Amino acid sequence: MRTLGDLPHGACADDRRARDTRAADAVGRAARLELVFEVLRGRTALARAYAEPPFRIGRAFDLDGAAYVILVCSGPGVFGGDRLTQSIHVGRGARVLLTTQAALQAHPAARSSHEPATLHQHYGVDEDAELHCHWDPVIPFAGACLEQIVDVRLAERSRLYWNDALMAGRIGRGERWRFERLAHELSVSIAGRRAYLERYTLAPRDRIVDRAWTTGGAAYFSTALVRDPRATAEKVEALRHRLAAFEGVSAGVDLVEPSLAVARLTGASGASFARARTSYRERTLGVIFQRPELAARK
């Protein structure tokens, strides 16, 4: 992979657009990340970037004309009371792959206040642009409160791959469903029209979630979205059959409207769940996006 450019920690390519206005006691607790990708000389490049700690901007690598970036949170995770915001814009004709360095750990607030950590993520994808996001799981620790809002706005001729994941807690530490509260919202709009909305709140103390008609005994969960004109009913059905071959994983895949496929995966085993997610990613790159070389490794 070729490096497309690197900015130092906390740097911004255009200081007129972003300034750190936080009070000293907010550093590390309130932070924003802003990335703008554009096509430069036939390749996608990170044109503008700004990060406040604990966010850090690493290098953008070239993958056959696409920009591949690993988003880094340099702290141990998020804590109750933290307020983190991400804003990512993919310009016309650009192709971007984003992933995380590791799973996001959500910790409780100090003094058991149950104050939530809030994560707001905004993505804009222009005409003829393509965004791929494959995220490591969110792991809520015992007593944690987390509110996550993801807003994805696509132009009419843009393309998207999205795959997120959630764990029931630190399974190996006996913290299955021990967090206080988790609120999640994922919204996808196409040309100003809402095409998909996923919203739920989990509060294990108030309502048992580890039962047949809620989680089915699973501890790993994922939503995968594919938006591409080559996403047809026949290809989506083939993807569903492929996921059905993974033991310990339950999956549903459907074409909710022309060119937009939604998959929901649940798993009881972390290893089989991870293999199913990877397989789904690789298969969609091959048969739908027709770009198998974009299956980057960290």
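Read the figures in this text as sums done on the coordinates, not as results from a lab. Here the structure is a predicted model, which means the values were calculated and not measured. All Cβ positions, even for glycine, are placed from backbone atoms using ideal geometry, and neighbour counts span all protein chains on display.
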So, with points 7 Å from each Cα along the Cβ direction, the residue 278-residue 214 label distance in nm works out to 3.2 nm
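If you average 1/r over every pair of different alpha-carbon atoms in the chain and take one over that average, what Kirkwood value in Å do you get? Could you put the intermediate results ahead of the total?
Details: mean 1/r = 0.0504 Å⁻¹.
Roughly 19.8 Å, rounded to one decimal.
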Over the Cα atoms of segment 25-80, each weighted equally, I'd like the Debye log10 I(q)/I(0) at q = 0.16, 0.22 Å⁻¹, rounded to two decimals.
-0.55, -0.83
In Å, the Kirkwood estimate of hydrodynamic radius for segment 199-298 over Cα pairs equals 14.5 Å
For segment 77-195, count all C-alpha to C-alpha pairs, find those more than 19 Å apart, and express that count as a whole percent of the total.
50 percent
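Quick one: of the DSSP bridges fully inside the chain, what percent are antiparallel, nearest 5? Working shown, then result.
Values: 51 of 107 bridges.
Close to 50 percent.
Can you order the peptides 65-73, 130-138 by their average number of other Cβ atoms within 10 Å per residue, highest first? Numbers along the way, then the final one.
Numbers: 65-73: 19.7, 130-138: 21.6.
In decreasing order of mean packing, 65-73, 130-138 become 130-138, 65-73.
How much length, in nm to one decimal, is gained on full extension between residue 247 and residue 113, taken as 0.36 nm per residue of separation minus their Cα-Cα distance?
On the way: separation 134, 0.36 × 134 = 48.24 nm, distance 4.04 nm.
Stretched out fully, the residue 247 to residue 113 stretch lengthens by 44.2 nm.
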Net charge around residue 131, counting only other residues with Cβ within less than 15 Å of its Cβ (Lys, Arg = +1; Asp, Glu = -1)?
-1
Please list the non-local residues whose amide H lies under 5 Å from the amide H of residue 40, H modeled 1.01 Å from N, same-chain partners needing a gap of 5 or more.
45
